[in-house]
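For reference, the structure is listed below as structure tokens.
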Amino acid sequence: MDYAKTFAQAIDRLHAEGRYRVFIDILRNKGAFPNARCFAGHNGPKPITVWCSNDYLAMGQHPSVIAAMEEALHDVGAGSGGTRNIGGNTHYHVDLEAELADLHGKEAALLFTSGYISNEATLSTLGKLLPGCVIFSDELNHASMIAGIRTSGCEKQIFRHNDLAHLEELLAAADPDVPKLIAFESVYSMDGDVAPIADICDLADKYNAITYLDEVHAVGMYGARGGGISERDAVAHRLTIIEGTLGKAFGVMGGYIAADRNIVDVIRSYAPGFIFTTSLSPVLVAGALASVRHLKASGAEREGQQAAAAQLKTIFADAGLPVMASTTHIVPLMVGDPVKAKKISDILLAEYGVYVQPINYPTVPRGTERLRFTPGPSHDTAMMRELAEALVEIWDRLELRLAA
Ligand SMILES: *Cc1c(COP(=O)(O)O)cnc(C)c1O
């Protein structure tokens, strides 16, 4: 076996398909969101505007979040020093779990080191605890849910994206006596569309299934207190488990589930991805706690984000750019080719100081490669106009089609 050659060939395949990933080396400028410095060039850092951050509301730079983290750092130090079971259950963790349970109107919540781990650990453990369980999974579910479902060893039935008729067909065809779990997202992060949560809960009731909702791209941003689409649509109480991240709109890091006390207790007690890992740093937890509390009380960031997203969609559409039919804060431009998507992104960064990452397979299906913009409360009208002008120029240069 020529190991080096095999690995080199694996990388060559990515280059050949135009989807070899290049990470852009940046530092964000605190207090000047969305401005950052980029270290790609040779003449020292270059100022750029970030258009693809998942720190949607700039909470990662919010003064109260930073103050809470500084205070925790100086009070208790850098790390937690252990797993939750062995010395790492800090009072910050306990407080944040109570805050998150309250955010979703659930009895309890459980923290994980990331949203990815919360999905992987919870779904795999639930599946193993429910004998013969069948998991019904939306075809566009995130890789972390897919990983959890695979590890669960359960039978998986994939339903077409947001297709209630197809979901019902699959539910009706399953053995009425086996446990069933429906796993889906609220805001789909790459298309920016929203699941019909209440209708899916109706089907769950009809076929005696439990529900698992990933609200990663909605927590902090929807609902009167930032409880997500399930809060906005007043259906949180109907969902068995709500999962979220502290790394996107909350601006820090970590993941969680919220559910009734029994379910949280069983995941806490059985999930290896929760048990056998050092708990989140109390500094991160203190920051997340400040962020969750702030966004529960303040709607200004949410309103600013919605206004910015609506404005950018209008500006793109007016310029004839192929903006996808998102109903949320996510503004995707369809390119449909990995090489061109990367080329547009490269030109934007090199010539216009605009940073937007091309999104390619396997994050999105092949042939639907795109640029995904996430405007927030700090992206102003002038930035948006400059961005649209740059894109129109590049579209012309690469002989891509603009709408009339
Ligand atoms: C980002 C993401 C996750 C993972 O959350 P992290 O906290 O970044 O690990 C889970 N689900 C969806 C839909 C995501 O987009």
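The values are calculated or read from the model by the stated rules, or taken from the named source; none is laboratory data. These numbers were taken from a predicted model, which means no experiment stands behind them. Because the Cβ atoms are built from the backbone with ideal geometry, glycine has one as well, and the counts that use them run over all protein chains shown.
Some notes on this structure:
- Within the range 102-116, one or more residues are among the acidic types (Asp, Glu), at pLDDT 95 or above and more than 16 Å from the ligand (Cβ to nearest atom).
Residues are listed down the side, and each one gets a yes or a no for (1) outside any loop (DSSP other than H, G, I, E, B); (2) of a type in the set (A, V, I, L, M); (3) within 16 Å of the ligand (Cβ to nearest atom):
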residue: 1; (1), (2), (3): no, yes, no
residue: 15; (1), (2), (3): yes, no, no
residue: 20; (1), (2), (3): no, no, no
residue: 24; (1), (2), (3): no, yes, no
residue: 64; (1), (2), (3): yes, no, no
residue: 69; (1), (2), (3): yes, yes, no
residue: 81; (1), (2), (3): no, no, no
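- Filter result (of a type in the set (Gly, Ala, Ser) and either closer than 19 Å to residue 40 by Cβ or surrounded by 11 or more Cβ atoms within 10 Å (Cβ to Cβ) (or both)) within the range 9-28: 18
- Taking each residue of the range 1-28 that is under 22 Å from residue 363 (Cβ atoms) and looking for partners that are among the aromatic types (Phe, Trp, Tyr) with beta-carbon atoms closer than 8 Å, six or more apart or interchain, yields 11/20; 14/20; 17/361; 19/361; 24/355; 25/39; 26/39; 26/355.
- The combined condition, being buried (at least 23 other Cβ atoms within 10 Å of the Cβ), away from the ligand (no atom under 16 Å from the Cβ) and of a type in the set (Gly, Ala, Ser), is fulfilled by residue 127.
- Residue in the range 170-192 that is in contact (Cβ under 8 Å) with a residue 60 or more places away in the chain, on the phi < 0 side of the Ramachandran plot, touching a helix residue (DSSP H, G or I) at 6+ places or on another chain (Cβ under 9 Å) and not aromatic (Phe, Trp, Tyr) present: yes
- Test: residue 53 is out of contact with any strand residue (DSSP E or B) (no Cβ under 9 Å at 6 or more places or on another chain), modelled with pLDDT of 95 or more and of a type in the set (S, T, N, Q): no
- Scanning the range 367-404 for residues that are surrounded by fewer than 17 Cβ atoms within 10 Å (Cβ to Cβ), closer than 26 Å to residue 188 by Cβ and among the charged types (D, E, K, R) turns up just one, 401.
- Elements of type strands (runs of 3 or more DSSP E) contained in the range 134-206, each with 1 or more residues being under 20 Å from the mean Cα position of the chain (by Cα) and closer than 24 Å to residue 327 by Cα: 134-138, 180-185
- Picking from residues in the range 143-181 that are touching a Pro at 6+ places or on another chain (Cβ under 8 Å) and farther than 18 Å from residue 365 by Cβ, the one that is farthest from the ligand (Cβ to nearest atom) is 179.
- Residue within the range 213-226 that is over 15 Å from the mean Cα position of the chain (by Cα), touching a residue at least 40 places away in the same chain (Cβ under 8 Å) and within 15 Å of the ligand (Cβ to nearest atom) present: no
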